[in-house]
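See below for the structure under consideration.
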Amino acid sequence: MKNLFILSTFVLFVFACKNADQFRAPIETLTADWAKTATMVGEATTEVNNTISGLTSMTDSMNVAPGTKLAANVTTMLDSLKNSYTAQVQGLGALTTEINAFTEKWTAMSADVDSLNAGLKNGNLEGDVMAKINTLNEAITGANTATATWKSTAAATKEAAMGLYNMYMEKAMGK
């Protein structure tokens, strides 16, 4: 009876290891892609935050020097330009909210990648492994699309805001 138990345990162990080995390549590929994409998400987040920070700091210079006499229509135009500039910068706040929500989900899914790696290492993968791998690969594709969108949105907003900023400065200097 004892030998039968040992033999059964050994067979289950061999079967579990063999089962884990069939997923080795997809899990290793997923892990490498996940790491690259996580870096890309981090870089895009930093780029957007730096854009927001830079544009926000420029808002302070959008003031007419005290005592400067300007025609009412010029003052109105400057106020409008500054308000439009501020609206552009504030629009990036919604992008930050989107990035933060995505990052939360990404962090949670990273635990699934870690779990797959641990299961592969231990020879004990649980559940529908291929479905989990496919879901995580879809998340990578989504992250690639999202980061490209974040970067292009930040760049377009920066370009528009800088156009408004330059017009403001030209009008404020009386050029």
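The values are calculated or read from the model by the stated rules, or taken from the named source; none is laboratory data. Everything numeric in this text was worked out from a predicted model, so none of it was measured. Methodologically, a virtual Cβ is constructed for each residue, glycine included, from the backbone with ideal geometry; neighbour enumeration extends over all protein chains shown. Calculation scope for accessible area: heavy atoms of the full protein, side chains included, ligands and nucleic acids excluded. Shrake-Rupley method; radii C 1.70, N 1.55, O 1.52, S 1.80 Å.
Relative to the longest principal axis of the chain, what angle (0 to 90°, nearest 10) does the C-alpha long axis of helix 72-122 take? The answer is roughly 10 degrees. Stokes-Einstein, applied to the Kirkwood radius of the chain over Cα pairs at a viscosity of 0.692 mPa s and 37 °C, places its translational diffusion at 162 µm² s⁻¹.
Residue ranking by accessible heavy-atom surface, 1.4 Å probe, largest first, among 96, 68 comes out as 68, 96. Net length available on complete extension from residue 73 to residue 114 is 8.6 nm, with 0.36 nm assigned per residue and the Cα-Cα distance removed. Rolling a 1.4 Å probe over the heavy atoms of the protein chains gives the chain an accessible area of 62 Å² per residue. Here residue 23 sits with roughly 30 square angstrom of accessible surface, probe radius 1.4 Å.
Short-range pairs are left out: with C-alpha atoms under 8 Å and at least six residues apart, the relative contact order of region 46-167 is 52 percent. Around the Cα centre of the chain, unit charges on the Cβ atoms of Lys, Arg, Asp and Glu (plus for the first two, minus for the last two) sum to a dipole of about 220 debye.
Modelled label positions at residue 107 and residue 141, each set 7 Å beyond Cα in the direction of Cβ, lie 2.7 nm from each other. Relative intensity of region 130-175 on a log10 scale, I(q)/I(0) at q = 0.15, 0.17, 0.19, 0.29 Å⁻¹, equals -0.56, -0.62, -0.68, -0.91, per a Debye sum over C-alpha point scatterers of equal strength in the absence of solvent. Centre-to-centre, using Cα atoms only, region 37-93 and region 116-173 are separated by 23 Å.
Kirkwood hydrodynamic radius (Cα pairs, Å) of region 30-80? Value: 14.5 Å, from the Cα pair sum. Candidates 165, 107, 127 compared by Cα position along the dipole of region 94-175: farthest toward the positive end lies 165, with charges placed on Cβ. Per-residue ellipticity at 222 nm computed for the chain from its helices equals -32000 deg cm²/dmol, with DSSP H segments shorter than 4 residues left out and the rest contributing -39,500 (n - 2.57).
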